[in-house]
1. With the condition kept exactly as written, say whether any residue in the stretch 179-199 is closer than 20 Å to Val168 by Cα and assigned to a helix (DSSP H, G or I).
2. Can you name every residue in the stretch 205-234 that is more than 18 Å from the chain's Cα centre (by Cα), closer than 10 Å to Val187 by Cβ and of a type in the set (D, E, K, R)?
3. Restricting to the stretch 358-368, name every residue that is surrounded by fewer than 21 Cβ atoms within 10 Å (Cβ to Cβ) and part of a loop (DSSP other than H, G, I, E, B).
4. Report every pair of residues separated by at least 6 positions or lying on different chains whose Cβ atoms are under 8 Å apart, first residue within the stretch 250-268 and more than 15 Å from Met367 (Cα to Cα), second part of a loop (DSSP other than H, G, I, E, B) and β-branched (Val, Ile, Thr).
5. Out of the residues in the stretch 30-78 that are of a type in the set (Asp, Glu) and under 23 Å from Ala216 (Cβ atoms), which is modelled with the lowest pLDDT?
6. Just to be sure, is Pro138 under 22 Å from the mean Cα position of the chain (by Cα), at pLDDT below 95 and surrounded by fewer than 16 Cβ atoms within 10 Å (Cβ to Cβ)?
7. Any residue in the stretch 199-224 that is at positive phi sitting within a Cβ distance under 6 Å of a residue that is buried (at least 16 other Cβ atoms within 10 Å of the Cβ)? List the pairs, counting only those 6 or more apart or interchain.
8. Condition test on Ser196, is it over 26 Å from Val57 (Cα atoms), modelled with pLDDT under 95 and crowded, with 21+ Cβ neighbours inside 10 Å?
Amino acid sequence: MFFRLSTLGLVLCLLGQSQAAAAWPHHEKLAPDVHVIGYADRYRSANSGWIETDEGVWLVDLPRGQGAVEYLGAVKEMSGKPAIALLLTHATREDAPLVEELQEHGVKQIYLSPATYKSLASLPAPSPAGDKATLTAPPAGYNVVSQETKLGERKQITFSPCDEISTVGAAVIFAERAETLFAGPAVYHGPRVQLSGSDTAAWRERLAELAQRKPAHVVPGCGSWGTAAAIARQDRFLAELQRQVGYFIAQGRPRELLASAISLAPEFLVWMPYDTPLAEDLEHVYQELTVPQAPFGRNPPQPNDKRAHALVLIGDQPHEPSHVEEGLRPVFAATGVVPHFTVDVRALSAENLARVQLLVILRDGLMRPQAAGQPDYVWMTREQEQAVVDFVHRGGGFLNLHNSMGIYPEDGPYLRLVGGRYVGHGPLERFRVEVVDREHPVTRGVEDFSVADEQHTPPYDSERVHLLLRNRADDGQTAAAGWAYEPGKGRLCHLANGHTREALAHPMYQRLMQNAVRWCVGK
């Protein structure tokens, strides 16, 4: 009798589970306490799911394309527990009826970020100036979470708002015990990434933080779920867009050629060609990397910030900006100076220099449009030259790197300030960099070193500047490789190396640049 009852119970249980599972064509139990559900293309292949805890079920995102009653019934049937809360990684006004329906049928608590609440409730978004719209008092049951918060009786769910990546709101949810990350809008893995309203620089910073959590499972907001590789792929995708568009801008190429000039290789895509960026996506990145959004984006230096900030102008046709940035970022990380990288030469202005303590340039003075009827031209205006001179003389620091004397206005105030001029360089080969003055703060701790680079041979004003370094080629030719001096109330340092990744990453050159940054800002 016991055997027959047990068998009947098992059959009924399996039948119930199969009926519940039939409600979703794409359902998987990722971990003992975590389920994920996928929806169709008409819902952009969106995902939802739930996390089971001792006190009940925490729903993650909305059952798009399914009624609340059906969804809640299936969840309870499979978990044996009622849904007690809804965690939203994103939502818009169109989702409001479904949210209300879930509330009507027992979901008492809703957790969401401030910007997501504004989108769901159709409240005014922050202004372009960055002013924060004041939240109205949320209705009962709404929990607007503005900082990372642990949820559940055992604090095993982490809700992290990340509105900095999107004006319409975003959050990520981490099921600690199950090592599962519901990444929401932070990760797409298949469908096209809609970039409008996003901040790709802030987005990449958030992705780096998510990767450090090392989740075993990642559920993207849209597309196929899998491992933490989806986080890395999302970052590579954004980085490649920034790289190609940034290089396009740095060369001075016409904006109307953008869509035809940018093309992502298959390695950066997942469901090609369905996730290929459109012209509007490229235009969004272009706007992010050019004035007026460049060089500070949505986070300009604030008057009460005690850290030194730097305007860092990089990239030209011979020097693709992403590898330059890759070589310079460790320098700023080591010195505590906040860099604001830009590839748009228009960002070099008196107004922008007034907001920083340090100027760094690694690019030449020539624009190469590569377009019919558009010749190459020298980009630096007399106003920009004077802005740099005034900035330094009033107390600013200027780190002039590699080719930043090349093809600038002859006999202008900019080159007179730098104290030297570009007259060419030898082949790319190994040569020796020798320290001339080991006591200067810029060269302190630096030993002679060999590096594969271009040997620049700039004449310099020996009566004004103090020689720190020389380079020596295999044929015996020597030339100045670095100098420093204090014009007016400011400080200027020129370092000649920096053409190759190897040259920028060399430990001795990294130390030189770190020393130079500290000296230029008065540390």
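The values are calculated or read from the model by the stated rules, or taken from the named source; none is laboratory data. From a predicted model like this one, the values you see are computed outputs, not experimental measurements. Virtual Cβ from ideal backbone geometry, glycine too; neighbours counted across all protein chains shown.
1. The first filter runs over the stretch 179-199 and keeps only residues closer than 20 Å to Val168 by Cα, leaving 182-189, 191-199.
In the following step, the residues that additionally are assigned to a helix (DSSP H, G or I) were identified as none.
Checked the stretch 179-199: no residue is closer than 20 Å to Val168 by Cα and assigned to a helix (DSSP H, G or I).
2. Residues satisfying the conditions do not exist here.
3. Correct list: Arg368 only.
4. Leu264/Thr276
5. Only one residue fits best here, namely Asp54.
6. Numbers: under 22 Å from the mean Cα position of the chain (by Cα): no; at pLDDT below 95: yes; surrounded by fewer than 16 Cβ atoms within 10 Å (Cβ to Cβ): yes.
Answer is no for this residue.
7. Hits for this filter: Gly223/Ser45; Gly223/Tyr188; Gly223/His189; Gly223/Gly190; Gly223/Pro191.
8. Numbers: over 26 Å from Val57 (Cα atoms): yes; modelled with pLDDT under 95: yes; crowded, with 21+ Cβ neighbours inside 10 Å: no.
When the stated conditions are applied, Ser196 does not pass them.
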